[in-house]
Amino acid sequence: MSTKSLRFLPVGLAAGSLLAAMALTTAAPASASPAGKRQTVVTALGYNSTDWRYLQVPPAADQPLFADRSFDDSGWPSGQEGFGTVNRTCKWNNPANVKTHWAVNTDILVRHWVHIPRDAQEVRIQGTVDNDASVYLNGHLLQAVKSGNCNAGAIDVVVPANYLDCCNLLAVRGHDYGLATYLNVAVTYVKPTPAA
């Protein structure tokens with residue numbers, strides 16, 4: 001399997017199993033690269049991770065700087081992913097998957113710092129949202145997602161290498177249109193290791 005094909009691995013999300021995806025992204029070995037080195041997919045920030053700073057705001061609320069590294073979120077609550085409701089509207093809307101409440105018909109702003117080693121390759125952000133999301137890293141908009149009803153894997157973007165630093169700020173603005181909410185994301189990267 002080439003490095004290019006790793007970019008398109010949905011890691012089980014399209015099959016609908018978030019738990020399987022979490023297990024597969026933890027440290028799945030990949031095959032050798034043309035340079036004769038083995039590669040490993042490493043989870044930098046897993047699904048259901050803790051210590052997220054978040055704020056629920058009205059849909060029209062202007063928060064233009066929340067995705068910037070210098071933004072002060074110290075007054076925001078801290079919570080655990082997944083963010084959402086537990087009304088079982090989709091398969092993720094249940095107490096096992098929702099750890100922090102996100103009210104319907106609101107936007108949620110979430111921020112989390114992520115350490116990524118300097119030799120990391122193919123840094124990838126993946127996840128599920130109901131309904132829409134804007135995904136940022138270090139203030140750069142990476143993906144605008146129109147997901148609908150909890151489409152697993154709708155968030156899926158590889159971060160351009162020039163957007164990376166050793167300490168990176170992942171920020172997401174989730175938007176809901178009613179009935180139910182859900183947001184859960186993870187960050188992985190490919191780490192080259194010497195061939196055995």
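The values are calculated or read from the model by the stated rules, or taken from the named source; none is laboratory data. Not measured: the values here are computed from a predicted model. Ideal geometry is used to build each Cβ from the backbone, glycine not excepted, and the neighbour counts take in all protein chains shown. Ligands, DNA and RNA are stripped out before the accessible areas are found, and what is left, the full protein with its side chains, is counted by its heavy atoms. Shrake-Rupley method; radii C 1.70, N 1.55, O 1.52, S 1.80 Å.
Tabulated data
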{"item": "In sequence order, calculated HN-Hα J values of the stretch 100-115 (Karplus, 6.51, -1.76, 1.60; Hz; x Gly/Pro)", "result": "10, 5, 10, 5, 5, 6, 10, 9, 10, 9, 10, 9, 8, 7, 10, 8"}
{"item": "For the stretch 39-55, 3J(HN,Hα) per residue [Karplus equation, 6.51 cos²θ - 1.76 cosθ + 1.60, θ = phi - 60°, Hz, x = Gly/Pro]", "result": "10, 10, 8, 10, 8, 8, 8, x, 4, 6, 5, 9, 6, 7, 8, 8, 8"}
{"item": "Residues of the stretch 106-196: accessible area per residue with a 1.4 Å probe, Å²", "result": "36"}
{"item": "Inverse mean reciprocal Cα-Cα distance (Kirkwood Rh) of the stretch 78-162, Å", "result": "14.1"}
{"item": "Point-charge dipole on Cβ atoms (K/R +1, D/E -1) for the stretch 44-167, about Cα centre, debye to 20", "result": "340"}
{"item": "Surface accessible to a 1.4 Å probe, VAL157 within the full protein complex, Å²", "result": "20"}
{"item": "Inverse of mean 1/r across different Cα pairs in the stretch 53-196, Kirkwood, Å", "result": "15.5"}
{"item": "Net length gained if the chain between ARG69 and ASN94 were fully extended (0.36 nm per residue, minus Cα distance)", "result": "5.8 nm"}
{"item": "Semi-axis lengths, Å, the stretch 66-111, gyration tensor of Cα atoms, sqrt of 5 times eigenvalues", "result": "24, 11, 8"}
{"item": "Residue order for CYS166, CYS90 - accessible surface, 1.4 angstrom probe, largest first", "result": "CYS166, CYS90"}
{"item": "The stretch 119-180 - Rg (one decimal) and Dmax (whole number), Cα, Å", "result": "12.5, 43"}
{"item": "In order through the stretch 132-139: 3J(HN,Hα) via Karplus (6.51 cos²θ - 1.76 cosθ + 1.60), integer Hz, x for Gly, Pro", "result": "10, 8, 10, 10, 10, 9, 6, x"}
{"item": "For the stretch 31-108, Kirkwood radius (reciprocal of mean inverse C-alpha pair distance, Å)", "result": "15.4"}
{"item": "Rounded FRET efficiency, nearest 0.05, which uses the C-beta distance separating ARG38 from ALA103 and R0 of 45 Å", "result": "0.50"}
